[in-house]
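Worksheet: one structure, shown below.
The values are calculated or read from the model by the stated rules, or taken from the named source; none is laboratory data. Bear in mind the structure is a predicted one, so any value in this text is a computation, not a measurement. Glycine gets a Cβ as well: all are built from the backbone with ideal geometry, and neighbour counts include every protein chain shown. These accessible areas exclude ligands, DNA and RNA; they are computed on the full protein's heavy atoms, side chains included. Shrake-Rupley method; radii C 1.70, N 1.55, O 1.52, S 1.80 Å.
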Amino acid sequence: MKTMISNIDINDIDLKELKKHAKLISEGKTVIFPTETVYGLGANALDENAVKKIYEAKGRPSDNPLIVHIYNKKEVYNLAKDISEKAEVVMEKFWPGPITIILNKKSIVPKTTSGGLNTVAIRMPSHKIAREIIKQAGVPIAAPSANISGRPSPTKAKHVQEEMNGRVDGIVLGGDSNFGLESTVLDLTGNTPMILRPGSITKEDLEDVLGEVVIDPSLSKKEDNKKAKAPGMKYTHYAPDADVYIVSGTADDVIIKINNLIQDNIKKGLKTGVMCLDENKDKYNGEVVTLGNTLEEVASKLFDVLREMDKRNVDIVYSEEFESTGLGQAIMNRLLKSAGYKIIKA
Ligand code: TXA
Ligand code: MG
């Protein structure tokens with residue numbers, strides 16, 4: 001398939017160029033565009049045939065529902081029903097932004113979009129290019145992350161170019177994502193709001209305005225993963241070609257353990273990659289790729305670093321562990337998935 005590719009400067013949006021892509025969407029075609037979390041692969045959420053093209057382009061299982069992206073809050077009332085007071089609070093407080101809410105769907109949303117469920121995931125992104133595309137297309141846009149199913153989500157223009165050229169009708173390149181991890185997914189269909197996928201809007205942020213919020217308990221253990229309430233959380237995800245392990249323990253123990261493992265790997269003829277905080281980068285003797293120094297940096301670099309490991313052709317990757325609170329919760333969720341929950345105790 002021939003893909004129309006445009007580079008758009010977020011600070012000086014070429015509306016004429018962007019409108020060409022919005023037109024593709026309104027014609028039932030697929031377009032990749034940047035959002036503040038990760039790049040999304042979009043099509044008209046209300047057009048079943050268009051939505052099928054998304055699943056095809058990604059090789060995504062058809063029971064994994066899509067997030068519907070909207071331009072303004074009014075649209076929620078066309079797509080969803082039984083909208084609670086708590087849902088109103090979340091929309092008011094965090095939209096536009098990196099949080100998706102699950103609500104009971106109205107019949108206008110095709111089952112293809114909702115993966116056969118009676119609920120719909122909705123998000124109002126804040127990214128200027130994303131917002132302009134949705135506005136110009138004049139329809140809500142279903143958009144999963146713009147990666148081939150199972151691969152790390154794309155956070156940079158080059159990830160999209162390398163992986164998706166020829167698989168979609170249009171690609172809008174607009175620089176790097178701001179957050180680098182996908183949106184928080186919050187189920188608001190029950191009495192107590194439940195986080196189905198942690199993101200940069202944290203449990204603590206939500207509790208400040210909602211009171212009690214729980215995290216889907218099946219996210220923390222591999223054995224429970226099949227029970228995950230967000231279908232997408234059941235699948236292997238974020239995995240580079242190399243085998244990833246998280247090494248857990250005190251900072252000093254982790255460094256000693258990883259260096260010992262690297263020595264063993266060298267004897268076996270295996271090349272080792274290490275993902276670590278910047279402050280530790282000179283302490284390891286493998287292929288070191290740093291994740292930055294703050295949790296914000298780690299979140300924004302994580303998927304790029306996982307892809308970088310493939311480029312370096314390493315066989316095994318060891319990652320330092322991060323604390324599972326605040327933004328660390330989302331980071332550890334993605335790391336655990338990319339490692340297939342394999343943890344080595346230092
Ligand atoms: O930041 C993001 O959310 C990005 C950008 C493009 O907006 N999108 C994204 O979409 O990450 P995707 O499809 O890769 O992840 C959506 C997640 C999946 O785990 C899916 O199973 C879950 O949300 N989900 C969608 N609709 C759902 C529903 N009705 N009930 C439960 N989980 C749902
Ligand atoms: Mg995804």
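Figure legend. Inter-residue proximity from the stretch 203-222: first residues farther than 13 Å from Thr184 by Cα, second residues open to solvent by 60 Å² or more (accessible area, probe 1.4 Å), beta-carbon distance below 7 Å, spacing 6+ or different chains. Indicated pairs: Val209/Lys93; Leu210/Lys86; Ser218/Lys227. A single entry from Gly180, Gly190, Gly174 fulfils the requirement of being within 14 Å of ligand 1 (Cβ to nearest atom) and over 29 Å from Glu204 (Cα atoms): Gly174. Residue count for the stretch 173-189, restricted to those that are of a type in the set (Gly, Ala, Ser) and within 30 Å of Glu85 (Cβ to Cβ): 1.
Residues considered: Ile102, Ile122. Of these, the only one that is surrounded by 23 or more Cβ atoms within 10 Å (Cβ to Cβ), more than 29 Å from Glu17 (Cα to Cα) and either touching a helix residue (DSSP H, G or I) at 6+ places or on another chain (Cβ under 8 Å) or of a type outside the set (Gly, Ala, Ser) (or both) is Ile102.
Restricted to the stretch 230-298, the set of strands (runs of 3 or more DSSP E) holding at least 2 residues that are open to solvent by less than 30 Å² (accessible area, probe 1.4 Å) comprises 243-248, 272-276. Looking across the stretch 308-334, the residues that are in contact with a helix residue (DSSP H, G or I) (Cβ under 7 Å, 6 or more places away or on another chain) and not in a loop (DSSP other than H, G, I, E, B) come down to Ile316, Val317, Tyr318, Ser319, Glu320, Leu327, Gly328, Gln329, Ala330, Ile331, Asn333, Arg334. From the list Lys19, Lys29, the one residue that fits, being of a type in the set (D, E, K, R), in a helix (DSSP H, G or I) and touching a residue at least 40 places away in the same chain (Cβ under 8 Å), is Lys19. Just one of the numbered conditions (1) within 16 Å of ligand 2 (Cβ to nearest atom); (2) more than 30 Å from Glu212 (Cα to Cα); (3) outside any loop (DSSP other than H, G, I, E, B) is not true of Val185: (2). Candidates are the residues of the stretch 36-56 that are more than 9 Å from ligand 1 (Cβ to nearest atom), over 17 Å from His21 (Cα atoms) and not charged (D, E, K, R); the one that is surrounded by the fewest Cβ atoms within 10 Å (Cβ to Cβ) is Asn49. Any residue at all in the stretch 263-286 that's over 19 Å from the mean Cα position of the chain (by Cα), without any contact (Cβ under 8 Å) to a residue 24 or more places away in the chain and under 30 Å from Asn64 (Cβ atoms)? For the stretch 263-286, residues over 19 Å from the mean Cα position of the chain (by Cα), without any contact (Cβ under 8 Å) to a residue 24 or more places away in the chain and under 30 Å from Asn64 (Cβ atoms): absent. Checking the structure you have, find out if any residue of the stretch 310-328 is open to solvent by less than 60 Å² (accessible area, probe 1.4 Å), touching a Pro at 6+ places or on another chain (Cβ under 8 Å) and either aromatic (Phe, Trp, Tyr) or in contact (Cβ under 8 Å) with a residue 24 or more places away in the chain (or both). Yes. Scanning the stretch 132-171 for residues that are in a strand (DSSP E or B), in contact with a Lys or Arg (Cβ under 9 Å, 6 or more places away or on another chain) and within 13 Å of ligand 2 (Cβ to nearest atom) gives a single hit, Ser145.
Rundown of residues vs (1) open to solvent by 10 Å² or more (accessible area, probe 1.4 Å); (2) part of a helix (DSSP H, G or I); (3) assigned by TED's automatic domain parsing to the domain that holds Gln329, yes/no style:
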site: Ala130; (1), (2), (3): no, yes, no
site: Ile201; (1), (2), (3): yes, no, no
site: Glu204; (1), (2), (3): yes, yes, no
site: Glu207; (1), (2), (3): yes, yes, no
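For the stretch 152-173, taking the residues that are surrounded by 23 or more Cβ atoms within 10 Å (Cβ to Cβ) and farther than 23 Å from Glu27 by Cβ, the one that is modelled with the lowest pLDDT is identified as Pro152.
Determine whether Asn259 is away from ligand 2 (no atom under 16 Å from the Cβ), farther than 22 Å from Gly340 by Cβ and assigned by TED's automatic domain parsing to the domain that holds Arg312. For Asn259, the condition - away from ligand 2 (no atom under 16 Å from the Cβ), farther than 22 Å from Gly340 by Cβ and assigned by TED's automatic domain parsing to the domain that holds Arg312 - is met. Screening Ile83, Ile67 for residues that are of a type outside the set (Phe, Trp, Tyr) and surrounded by 18 or more Cβ atoms within 10 Å (Cβ to Cβ) leaves exactly one candidate, Ile67. Filtering the stretch 209-229 down to residues that are away from ligand 1 (no atom under 11 Å from the Cβ) and assigned to a loop (DSSP other than H, G, I, E, B), which residue is surrounded by the most Cβ atoms within 10 Å (Cβ to Cβ)? Ranking the qualifying residues of the stretch 209-229, first place goes to Val213.
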